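Everything on this sheet refers to the single structure shown next.
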Amino acid sequence: MLLRSTNNMNQNYTTSTSYQNEKLLITEVATAGQFGLSYSPNLTVLDKKRQKSLYITRYRTGEIKVSTQNKYVADRNESRSKPPINSGEREVQGVSRKGRQRIRRACSYYDTLQGGLANKTMITLTYGAISKSGHKESHRDLARFRKSLMRHIRSKYKVKDVHYIWVAEVQPKRLERTGEAVIHYHLVCPYYVDKDLISKWWNNAVNKPRIKANLPTQKLYPHVRGGFHAGRYISGYLKKDGHKIKGNGFFMSQATNEAIKPIFSECIDVEEGRVEEVYNDLEKASNTHTMFRHKDEDGVDRCLWIAESNAFLFDEVIKYSINNEHERIQST
């Protein structure tokens, strides 16, 4: 009986004139952009101040990325279709913008190893006029070379996870001279590796399959150099648009891929008038003058990039300047 009477009361209220007037008022005000509607009119909340969402990311190298977006409101009526299924042979042309960012971030991480004193080995693996492979075969040659390289590094340096990056590039001068799109590889690893070993492994990787197939071979001479700044070596090849390559244009080891993932990544809501103040606070956490800051036409900060930051100052900004503001907004 009690349940039935409660249902009758709710039914009588929803059909009453006062309820219909409240619903009409909420609809009119929401049309003016002052309310955020929910499924129940009693849960609709007045949005007194415009809010922004700050996407803040920090990496192990101290790099900080901040972007400002309008607060996301899900559109439940939006139709979402599945992305098209890729088919056929993979083909790339140069390295994408996101790929270049990941490679530079990995090189920056290598530069921080052993207090910045890790000796990087930078290798260019090339083919000759006789011993050469197509795009698919060259990736197999590289896989055989990597096995020898990783086996040596694990044995010598007693490490389980090996760091390395490689970038594929069509030799431009050779393409212009002969019309052949022959690939060569630029590989970087944060370990010292003897030049003679590298030459031995690359010649075995390329020539042994050719010997088994009764094909002519020749001595190959990979270019090897050492240094402390991996980014300076590989950045020159990332600026090029590149030619079409079948297969992947670059690759990094699983250890490197894990190392460049963000150590801090959050989306925090702040009032629009507080965006500039938060950006100023984050700038104070910088250890360098290498940064980029951009504002939109309305003068609102849109993005901030800092090459290197102080971990303690960054934590202080997040803890006191940003989280307090975020919690205050959530409580209102």
Fewest-first sequence of Y191, Y221 by Cβ atoms within 10 Å of each Cβ: Y221, Y191
Of K200/K244; K160/K208; K98/K120, those spanning more than 26 Å from alpha-carbon to alpha-carbon: K200/K244; K160/K208
For T121, distant residues with modelled amide H under 5 Å away: C189, Y191
Amide H within-cut-off set for F264, under 5 Å, with H built and near neighbours excluded: R58
Cross-link partners of K71 among lysines (Cα-Cα below 16 Å; sequence separation of 8 or more within a chain): K48, K49, K52
Karplus-derived 3J(HN,Hα), 6.51/-1.76/1.60, for each residue of the stretch 283-299, Hz, glycine and proline x: 5, 5, 7, 6, 9, 8, 8, 7, 7, 9, 9, 10, 10, 7, 5, 8, x
For the stretch 175-189, Karplus couplings with θ = phi - 60° (6.51, -1.76, 1.60), whole Hz, Gly/Pro x: 4, 5, 7, 10, x, 9, 8, 8, 7, 10, 10, 10, 10, 10, 9
Taking H186, H294, H229 and counting other C-beta atoms within 10 Å, the order from fewest to most: H294, H229, H186
Phi-based couplings in Hz for the stretch 202-214 (Karplus 6.51, -1.76, 1.60; Gly and Pro marked x): 5, 5, 5, 5, 8, 8, 4, x, 6, 5, 5, 8, 6
Alpha-carbon gyration tensor eigenvalues x 5, square-rooted, for the stretch 95-248, Å: 26, 20, 12
Nearest-0.05 FRET efficiency for S235 and I130, computed from C-beta distance (R0 22 Å): 0.10
Size of electric dipole in the stretch 95-248: Cβ of Lys, Arg +1 and of Asp, Glu -1, about Cα centre, debye, nearest 20: 320 debye
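Values quoted throughout were computed directly from the atomic coordinates according to the rules given, and no laboratory measurement underlies them. A quick note: this is a predicted structure, and the numbers were derived from the prediction, not measured. Note: ideal-geometry Cβ built from the backbone for every residue, glycine included; neighbour counts use all protein chains shown.
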